[in-house]
Amino acid sequence: MPSPLSTSPAARFPWGGLIALAVASFFSISGEMLPTGLLPEMGADLHVSETSVGLLVSVFAFTVVFTSTILTHLLSRIPRHRLLVGLIIVIAIGAAGTALAPTFGLLVVARILGGLAHGVFWAITGAYAAHLVPREQVGRALAVSSSGGTLAFVLGVPLGTALGQAVGWRWAFGILAILMVGGALLVWRLLPDVGSGAQDAETLRREASDAATGATPVGPGALATGSIPIIGDSSAREDARLRALPDPSKLGVVFSCVVTGIFMIGHYSLYTYVAPFLTRTSGLSDGQLSLALFAYGIAGAVGLLLVGWALGRRTGLTIPLFMALTALTVLGLLALEGRPAPSFVVFVVLGITFGSLPPLLQIRLLERAPARIRDLANSFYTSSFNAGIGAGALVGGLVLAGAGLGALPVLYAVVAAVMFVITVVSDRVLARRRPPRAAAAGAARRVPR
């Protein structure tokens with residue numbers, strides 16, 4: 001007889017909704033990073049320096065850092081489906097404001113508006129994807145929903161840059177705003193509704209009461225929060241898989257956010273200045289640089305696919321493994337100074353490792369986060385990620401000015417090595433603090449035959 005997990009609605013993988021999230025993520029990230037490809041055009045039109053235009057990315061990122069958590073909390077009672085659609089519309093308004101801004105000051109205002117919505121959007125998106133699937137499928141769901149962000153670097157920014165150079169940067173942002181509205185319509189039509197954070201909390205309270213009294217929930221999974229559906233006649237295999245997942249832990253969320261933020265500092269301290277590093281240190285020509293960046297983006301997409309296919313199932317092993325590989329890779333870039341061909345290959349390998357690590361870190365956070373605070377935990381992840389981007393560019397600039405391009409891979413390797421140690425140690429600390437699973441909880445997962 002087939003397992004109820006194979007036939008219940010909770011077990012059906014929500015491809016349509018997750019792809020709609022991926023499309024919206026693609027446009028959101030493309031809008032965030034597009035100024036990096038249009039610095040000369042925007043600076044000339046607005047009569048400001050390219051450095052000032054570059055700060056638009058920092059303004060956007062730090063708006064996310066300082067507002068996403070509090071806004072996510074304040075908006076937690078709004079049904080997530082309605083909230084996501086509204087946020088995408090606000091991001092589109094920010095892109096339209098960027099296209100129409102007559103002065104640099106108003107352009108900054110438009111970027112801040114987009115950043116306000118972008119931070120909440122990303123805080124909710126990962127948790128939303130987790131709400132749609134059983135807990136053991138979180139990695140697969142995140143790989144699909146976050147693929148849009150990866151593809152934005154691979155296709156969105158290059159295509160947006162080419163469009164802006166062909167028809168003008170304002171038209172590029174205007175067309176992007178229209179496409180964002182289309183993304184909002186896709187989310188509205190294809191994404192299942194999961195309610196609000198307040199509704200999830202009430203569901204959890206009811207289920208905790210059921211577990212304490214020995215009652216067994218009826219139907220195909222009472223929880224729409226990304227955890228394992230509680231279904232009668234669950235198989236031994238599913239129960240073993242549940243026991244292999246980490247217990248929810250607020251301390252685990254803290255560890256995950258700290259590791260993410262510091263690791264991003266290391267990565268963006270090098271990646272922000274990767275163009276001069278590859279051309280001056282590795283010896284790539286301008287044409288080879290464009291090809292290397294495109295290949296890096298494709299490699300990142302491959303890394304993301306690997307997460308969804310296999311790597312996301314054992315984050316406790318794959319995260320430290322890929323951190324160690326990252327450290328070796330960036331040191332390889334330094335060792336291959338002046339050798340374009342092998343440097344190109346090593347840079348592509350770095351794309352695979354970094355394409356894998358952010359979704360792995362997010363999966364680990366969502367595995368650890370208690371269901372009732374998953375949106376809030378994901379907002380902390382978003383803040384730490386964006387703080388790492390901004391701080392990495394700043395730290396990288398200081399190191400570049402003081403020690404030169406060759407010091408950037410060393411800094412990155414040191415950060416990756418330290419985060420490897422912290423990850424291994426924190427996993428052991430959390431394992432020792434793990435409480436024994438309650439007998440009532442175990443009883444709630446099974447129905448006597």
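Worth a mention:
- All-pairs Cα distance distribution in segment 78-174, expressed in whole percent, bin size 5 Å: 3, 12, 16, 19, 20, 13, 9, 5, 2, 1
- Applying 0.36 nm per residue to the separation of ALA341 and ARG189 and subtracting their alpha-carbon distance, the gain on full extension is 50.0 nm.
- Applying a DSSP loop filter and a limit of 15 other Cβ atoms within 10 Å to the trypsin sites (Lys or Arg not before Pro) in segment 311-371 leaves ARG314.
- The VAL421 and ALA162 beta-carbon pair, evaluated with R₀ = 51 Å, returns a calculated FRET efficiency of approximately 0.75.
- In nm, spacing of pseudo-spin labels at ALA431 and ILE178 (7 Å Cα→C-beta vector): 5.6 nm
- Estimated FRET transfer efficiency when R0 is 41 angstrom, pair LYS250-ARG280 (beta carbons, to 0.05): 0.35
- For HIS267, HIS47, HIS73, the sequence from fewest to most other C-beta atoms within 10 Å is HIS47, HIS73, HIS267.
- Distance between modelled label sites at PHE13 and THR103, nm, 7 Å Cα→Cβ extension: 5.3 nm
- Phi to ³J(HN,Hα) by Karplus 6.51 cos²θ - 1.76 cosθ + 1.60 over segment 85-91, Hz, x for Gly, Pro: 4, x, 5, 5, 4, 5, 4
- Between ALA401 and ARG77, the simple label model (points 7 Å from Cα in the Cβ direction) yields a spacing of 4.8 nm.
- Here the Kirkwood formula puts the hydrodynamic radius of segment 258-334 at 14.1 Å, using every distinct Cα pair.
Values quoted throughout were computed directly from the atomic coordinates according to the rules given, and no laboratory measurement underlies them. Keep in mind the model is a prediction, meaning the values are calculated, not measured. Heads up, the Cβs are rebuilt from the backbone with ideal geometry, glycines too, and the neighbour counts pull from every protein chain shown.
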